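The values are calculated or read from the model by the stated rules, or taken from the named source; none is laboratory data. The structure displayed is predicted, hence computed values, not measured ones. Methodologically, a virtual Cβ is constructed for each residue, glycine included, from the backbone with ideal geometry; neighbour enumeration extends over all protein chains shown.
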Amino acid sequence: MEGAADARAARLRGVSALIRLPLRAARAALRVAGRGVYALFASLPFFHFIKNTRATQAPITFELWFWQKVLGFNRKAYWPVHFTSKVVQPENILIGVNANPGIEPGCYIQGIGRIEIGDNTQVASNVGIISANHDLYDNDRHIHAKVAIGSDCWIGMNAVILPGVQLGAFTIVAAGAVVTKSFETGYCVIGGNPAKKLKDLDPDRCKAGGAQGYVGYIRAEDFPAYRKRRLWF
């Protein structure tokens, strides 16, 4: 009996191996085909931003574009946004070159009171940038206050920037910080709740990113015309 059971098990393993072979071949073919389709799309003139942002700190991928512009997650934003992030009133948000707030998962970028973000500023996952909040005495009323973040800043994971905050160039916001006041001179590391200055940075050692490239999906040289047509300020 044991010999018969072993034989049956051996036959089953053989059949299973025969089934797995074509499945593996099919998966490999699909991977190759997928890379070919991706390369084809990336080579089309419409998708110039995929090829030309590949070497930047926030490269645009076909997947990002598809979720956003085809499936409709944050479709109105003119820069790439992850489908799990949310952008409110992108027409009231001005970003710089190579700065794509919300490209990482779980961000909330709320432009009701206006947001301005400088060139080469990076925003990590789960960051909140809020430019309007409820009146303490009237929850139906919003109090608007512009948020301005300078160039070459880094906003760490789970940080929250509250209305009215202004951060100068090279402000590094530590993970989990709640920024309730401005640090306009920049060149510092801030952290905590509420955020306070933890360290000054040496401006001579701070290397600014390049000013050429893309403002979201738009070539930098074409952005002034886009801004005039589409943004509210």
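The one condition from (1) surrounded by fewer than 21 Cβ atoms within 10 Å (Cβ to Cβ); (2) under 19 Å from Tyr78 (Cα atoms); (3) touching a residue at least 40 places away in the same chain (Cβ under 8 Å); (4) in contact with a Phe, Trp or Tyr (Cβ under 9 Å, 6 or more places away or on another chain) that Trp232 does not meet is (4).
Could you list, in sequence order, all residues of segment 118-141 that are of a type in the set (S, T, N, Q), within 13 Å of Asp152 (Cα to Cα) and not in a strand (DSSP E or B)?
Taking segment 118-141 and keeping what is of a type in the set (S, T, N, Q), we get 120-122, 125-126, 131, 133, 139.
Now narrow it down to the ones that are within 13 Å of Asp152 (Cα to Cα): 120-122.
Within segment 118-141, Asn120, Thr121 meet the criteria.
Can you say whether Ala58 is small (Gly, Ala, Ser), under 18 Å from Phe223 (Cα atoms), at pLDDT below 85 and assigned by TED's automatic domain parsing to the domain that holds Ala148, as far as the supplied structure shows? For Ala58, the condition - small (Gly, Ala, Ser), under 18 Å from Phe223 (Cα atoms), at pLDDT below 85 and assigned by TED's automatic domain parsing to the domain that holds Ala148 - is met. The listed residues are Ile190, Ile172, and the only one of them that is aliphatic (A, V, I, L, M), over 22 Å from Leu94 (Cβ atoms) and touching a strand residue (DSSP E or B) at 6+ places or on another chain (Cβ under 8 Å) turns out to be Ile190. In the condition set (1) closer than 22 Å to Phe47 by Cα; (2) touching a residue at least 12 places away in the same chain (Cβ under 8 Å); (3) not hydroxyl-bearing (Ser, Thr, Tyr), Gly111 is compliant with all but (1). The condition (being at positive phi, surrounded by fewer than 22 Cβ atoms within 10 Å (Cβ to Cβ) and assigned by TED's automatic domain parsing to the domain that holds Val173) is satisfied by just one residue among Arg75, Arg114: Arg114. Being in a strand (DSSP E or B), under 27 Å from Tyr78 (Cα atoms) and assigned by TED's automatic domain parsing to the domain that holds Gly150 is the requirement here; does Ile190 meet it? No, not satisfied. Out of all the residues in segment 129-151, is one or more touching a helix residue (DSSP H, G or I) at 6+ places or on another chain (Cβ under 9 Å), over 13 Å from Gly102 (Cβ atoms) and assigned by TED's automatic domain parsing to the domain that holds Thr84? Within segment 129-151, one or more residues are touching a helix residue (DSSP H, G or I) at 6+ places or on another chain (Cβ under 9 Å), over 13 Å from Gly102 (Cβ atoms) and assigned by TED's automatic domain parsing to the domain that holds Thr84. Comparison of Val189, Val173 shows that the only residue that is surrounded by 13 or more Cβ atoms within 10 Å (Cβ to Cβ) and more than 19 Å from the chain's Cα centre (by Cα) is Val189.
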